[in-house]
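The values are calculated or read from the model by the stated rules, or taken from the named source; none is laboratory data. For clarity, every value in this text was computed on a predicted model and none was experimentally measured. Glycine also receives a Cβ, built like all others from the backbone with ideal geometry; neighbour counts cover every protein chain displayed.
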Amino acid sequence: MRILFVIDGLPGGGAEKVVLTLAAQFLRDGDRVSLISLRDVCEYPLPEGLDYQVVADRCRKPWRKLTELSRRARQLDAAVVRAEQQGQFDLVLSNLHKTDRIVAHSRALRERNVWFCLHGVFSASYLGHRTGFDRWMKQQKIKRIYQGRNVVTVSDAVGRDLVEEFALRPAQLKTIYNPFDITALRAEAEADSERPDGDYLIHVGRFHPGKRHDRLLEAYAQSGIDAPLVLLGQGKPEQEQRLRQLAKTLHIDDRVWFKGFQKNPLPWIKGARMLVLSSDSEGFGNVVVEALLLHTPVAST
């Protein structure tokens, strides 16, 4: 079978890691696997044998946002047509919302077996801060992308949210939980790392408002816990700077350690006294499962 993954880049995130885990397993099963990344960013090692290509948008015209979806869909179409000279794709898996918007405009994939893979709770991500007409418009835009399409979600809650909050009726709606290679995961947790000695708490996740690092820092400050809080992740520089300033304001900056993105956070998770998760919502929460598989206690919102 020939399988195509499409995703908006491979920075250090949970959805990106899931895509590569699935790709590796399909390759082990003997399938031919291609991955098209819509941005030239990759923080993870790629599985051996993966056909990987970047289809990045180089347009810098002032009106580029107005034509982005149609333009990028044409770029994707050209890449798909070239790739299918070696055989047609039997299964296409689109991942992350921006990717889905582009794939939905694709002509080359219109007659293909396309599934849109949803990794998060859309109402929390796209409607939580909107009201009135603005909220209604966003609901309609999302509905146009997924209505009558094949959709797979990482949890039942993600699927229910799509149906209830967006009045959406997919052609097919399936739940497939995120995969974990438990043997490989535990082996990777034994790798050398620069994790600190002694007790520490850990949070793993990008710096984004939805992850609620502000809530985490405020709770940590009130807890009176002396063990340091290790933050693994990255994000926009201004977001990280706000968190550093908040830690200073709360007088905990000496105990909050910003350690950046780690390609292999598993040794850090295994060595932690506890993993904490403070998000407003998670579609699945990969890091919670990883911590439990490594026998690290979890405290989560």
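Checked against (1) more than 27 Å from Thr183 (Cα to Cα); (2) touching a residue at least 12 places away in the same chain (Cβ under 8 Å); (3) under 24 Å from the mean Cα position of the chain (by Cα); (4) not in a strand (DSSP E or B), Glu16 passes all but a single condition, namely (1).
Strands (runs of 3 or more DSSP E) fully within segment 194-299 that include at least 2 residues being within 26 Å of Phe122 (Cβ to Cβ): 201-204, 274-277. The set of residues from segment 117-149 being in contact with an Asp or Glu (Cβ under 8 Å, 6 or more places away or on another chain) and under 15 Å from Ser279 (Cβ atoms) comprises Gly120, Val121, Phe122, Ser123, Ala124, Gly128. Suppose the filter is over 17 Å from Thr99 (Cβ atoms) and either out of contact with any His (no Cβ under 6 Å at 6 or more places or on another chain) or outside the structural domain of Asp90 (by TED's automatic domain parsing) (or both); does Gly14 pass it? It is false that Gly14 is over 17 Å from Thr99 (Cβ atoms) and either out of contact with any His (no Cβ under 6 Å at 6 or more places or on another chain) or outside the structural domain of Asp90 (by TED's automatic domain parsing) (or both).
Consider Tyr52 carefully, then state whether it is modelled with pLDDT under 95 and farther than 25 Å from Ile145 by Cα. Outline the logic, then answer.
Details: modelled with pLDDT under 95: no; farther than 25 Å from Ile145 by Cα: yes.
It is false that Tyr52 is modelled with pLDDT under 95 and farther than 25 Å from Ile145 by Cα.
Counting only residues that are assigned to a loop (DSSP other than H, G, I, E, B) and among the basic types (Lys, Arg), which one in segment 46-73 is nearest to Phe26 (Cα to Cα)? Write out each step before concluding.
Looking only at segment 46-73, we keep the residues that are assigned to a loop (DSSP other than H, G, I, E, B), and these are 46-50, 55-63.
Next cut, among the basic types (Lys, Arg) only: 58, 60-61.
Working: Arg58: 31, Arg60: 37, Lys61: 39 Å.
Of everything passing the filter in segment 46-73, Arg58 is nearest to Phe26 (Cα to Cα).
Any idea which residue in segment 111-153 is farthest from Thr175 (Cα to Cα), counting only those that are assigned to a helix (DSSP H, G or I) and hydroxyl-bearing (Ser, Thr, Tyr)? Here the residue is Tyr126. The residue of segment 19-45 that is farthest from the chain's Cα centre (by Cα), among those that are of a type outside the set (D, E, K, R), at pLDDT 95 or above and part of a loop (DSSP other than H, G, I, E, B), is Gly30.
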